[in-house]
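Here's the structure we're looking at; comments come further down.
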Amino acid sequence: MASKNHNSIGVIGMDEFNSRYLLKDLRDTDDIEFHTLLDREEISIVDSGFPFEERLNTALKRARDVDGGIDGVVTHWDFPSTMITPLLADELGTPYATPEAVMKCEHKLWSRQEEKKVTKTPGFCGFHPFSDDPLAEIDLDYPFWVKPVVGHSSMLGFEIRSGEDFDAALAEIREHIRELTRPFRYALEHIPLPEKLAEQGATLCIAEEIISREDQFTLEGYAHDGQVEIYGVIDSIREPNGHTFSHYQYPTQADQAVVARMEDITRKVITQFGYTDSPFNIEFFYNPETDHLHLLEINSRVSQSHSDLFLKVDGQPNQQIAVDLALGRTPRWRRGAGAFDMAAKFFLRCHEDARVEAVPTEAMLQRLEQEMPDVRVDIGVEPGQRLSELHEQESYSYEIADLFIGGRDAKELEEKYEACNRILQFEFSPA
C-alpha cells in the first residue's frame, strides 16, 4: 500500500470562518487536508437535550472513515467542543491535552483549587444549591458572585449583595441548573475528578469574591514539549458601563512589567494543570491603582475573536498554532509579519430590545470594501429577528455585528470604526 502523502486534520465545529482561516491563511498547509468531523450546527447547544455522547460517537465514526486516518483534531469553540475534542483525540491517539487537564479549565471550582496551589486567587468556596441551607456554606462577605461550576454562555451567574439577592438567585438556580448542566454530565462521568467533586455532581455551584473590573487582558499561548509559550496579549476594552466589551485590541498597550507577571502566573498554572500539546487563552484583570493582578479564567482553545487580529498584525491567524500542535509540531510564530501595526475587533451593539427591520445592503458592503478593503464585517442579525431572541448574548446589550479593522495605531482604528458606522446602516422598530 502506498504511504499517505498528506496529513489529515479533523475539525470540531467547522463553519465558514473555520474554512476561511484553516484553508486560506495558514502557512505550510499544502500537505494538509481538513475534514469536518462535526459542523457548527452539530456542536450548538440550543436546549438542554444536547446529545453529547451521540455527537462524540459521530465525530469518532467520521474520523475513522477518513482514508488514511486522522492525524490531529482542532476546535476554537467553547463547550461542548472543548470537551469533545480531547475525548476524541484520546480515542484516536492524536496529540492533545488530556481530558482531565481540559476539565480543570472547564470546572470552575476544580480550576480555582488547582490555581490556588501556585498563585493567589480571589476568595472562593463551593456550595450545593439543593442543600438545606446553601448560604451557610458560603464563607465570603458581601458582595460576591455565584454561578454553576460547569455551564455555558455565563448563564445563572448572579451578583449577590444581600440575603435577599441570594434567595432570588437561588430560586433561579434551583429551577434551571439541572437543565443547564445536563450536557456536561457525560464528560463529568467519564473524566476522573477528585472524589469530593465527583460526589457533588453537575449541580454544584461556586461563590467567588468579586474581582475589581479594571483593565482586562487576554494572553494567547500554548503548551508543548514541556514549555509554555505566550505569543500574543490582547487588550479587552469596555464601554463606560464597565460590563460591556467595546472592542478587543492587539497588540497590548500594557506595561511590559505587568505582562511579564501575567506570563509568569500563566506558566505556573498551565504547568500545574498538566496541560500540554494544545493552545489556550487566559484572562486577567489588573488594577493599576492597587497594582493587583487577578486571574479570571482559562479557555482550552484559541480564541476565534482574535484570529483576524493576529492575521492583520502577525500575518497568520492563531489557528496556525492549533494546527501545528495537532500534528505534533512545535509552532513557529512570526510576530509583526502582517500588514498592520495594530488591529481590533469592534462590537456593534443595541442596548434596548427591538425588532430588526433592515441590515446593511449589498451596496453599503461594496462601498465599505472599496473604501477600506482590510475591514471584515460579520453581521449577526437578519430582518424580522427580535434582539431578545438572539442566542448567547450578554445581559446589558445585543451584539448585531462585528468589525475587524487594521491600522497604524489606536487613533486610526477608531477613525475607521466611525467611518464603518456611517456606511453600515441598520433599521429597527420597537419590540
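The values are calculated or read from the model by the stated rules, or taken from the named source; none is laboratory data. What you see is a predicted model; the values in this text were computed from it and never measured. Virtual Cβ from ideal backbone geometry, glycine too; neighbours counted across all protein chains shown. Ligands, DNA and RNA are excluded from the accessible area calculation, which covers all protein heavy atoms including side chains. Shrake-Rupley method; radii C 1.70, N 1.55, O 1.52, S 1.80 Å.
Brief remarks follow.
- Any hit, the range 20-43, residues being among the hydrophobic types (A, V, I, L, M, F, W, C), closer than 19 Å to residue 182 by Cα and surrounded by 18 or more Cβ atoms within 10 Å (Cβ to Cβ): yes
- Qualifying residue in the range 199-222 (condition: in a strand (DSSP E or B), crowded, with 20+ Cβ neighbours inside 10 Å and among the polar types (S, T, N, Q)): yes
Here's the yes/no breakdown for (1) under 21 Å from the mean Cα position of the chain (by Cα); (2) assigned to a helix (DSSP H, G or I); (3) free of Cβ contacts under 8 Å to residues at least 60 places away in the same chain:
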position	(1), (2), (3)
367	no, yes, yes
374	no, no, no
377	yes, no, yes
388	no, yes, yes
403	yes, no, yes
417	no, yes, no
425	no, no, no
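- The set of residues in the range 153-193 that are under 23 Å from residue 136 (Cβ atoms) and in contact with a Ser or Thr (Cβ under 8 Å, 6 or more places away or on another chain) comprises 177, 178, 181.
- Any hit, the range 50-70, residues being part of a loop (DSSP other than H, G, I, E, B) and touching a Gly at 6+ places or on another chain (Cβ under 6 Å): yes
- Here residue 115 clears all of (1) open to solvent by 10 Å² or more (accessible area, probe 1.4 Å); (2) among the acidic types (Asp, Glu); (3) modelled with pLDDT of 95 or more except the condition numbered (1).
Table: residues versus (1) open to solvent by 30 Å² or more (accessible area, probe 1.4 Å); (2) of a type in the set (D, E, K, R).
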residue	(1), (2)
362	yes, yes
368	no, no
383	yes, no
397	no, no
413	no, no
420	no, no
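- Taking the criterion of being of a type in the set (A, V, I, L, M), open to solvent by less than 10 Å² (accessible area, probe 1.4 Å) and in a helix (DSSP H, G or I), the residues of the range 79-97 that qualify are 83, 84, 88, 89.
- Among the residues here, residue 376 does not qualify as surrounded by 15 or more Cβ atoms within 10 Å (Cβ to Cβ), charged (D, E, K, R) and under 13 Å from residue 427 (Cα atoms).
- Given (1) open to solvent by 70 Å² or more (accessible area, probe 1.4 Å); (2) closer than 28 Å to residue 316 by Cβ, number of the condition residue 425 does not satisfy: (2)
- Restricting attention to the range 290-347, the residues that are assigned to a strand (DSSP E or B) and either within 15 Å of the chain's Cα centre (by Cα) or aliphatic (A, V, I, L, M) (or both) total 10.
- Residue match in the range 233-253 (condition: over 19 Å from the mean Cα position of the chain (by Cα), crowded, with 18+ Cβ neighbours inside 10 Å and not β-branched (Val, Ile, Thr)): no
- Residue match in the range 222-241 (condition: free of Cβ contacts under 8 Å to residues at least 60 places away in the same chain and among the polar types (S, T, N, Q)): yes
- Some residue of the range 270-280 being modelled with pLDDT of 95 or more, of a type in the set (Gly, Ala, Ser) and open to solvent by less than 10 Å² (accessible area, probe 1.4 Å): yes
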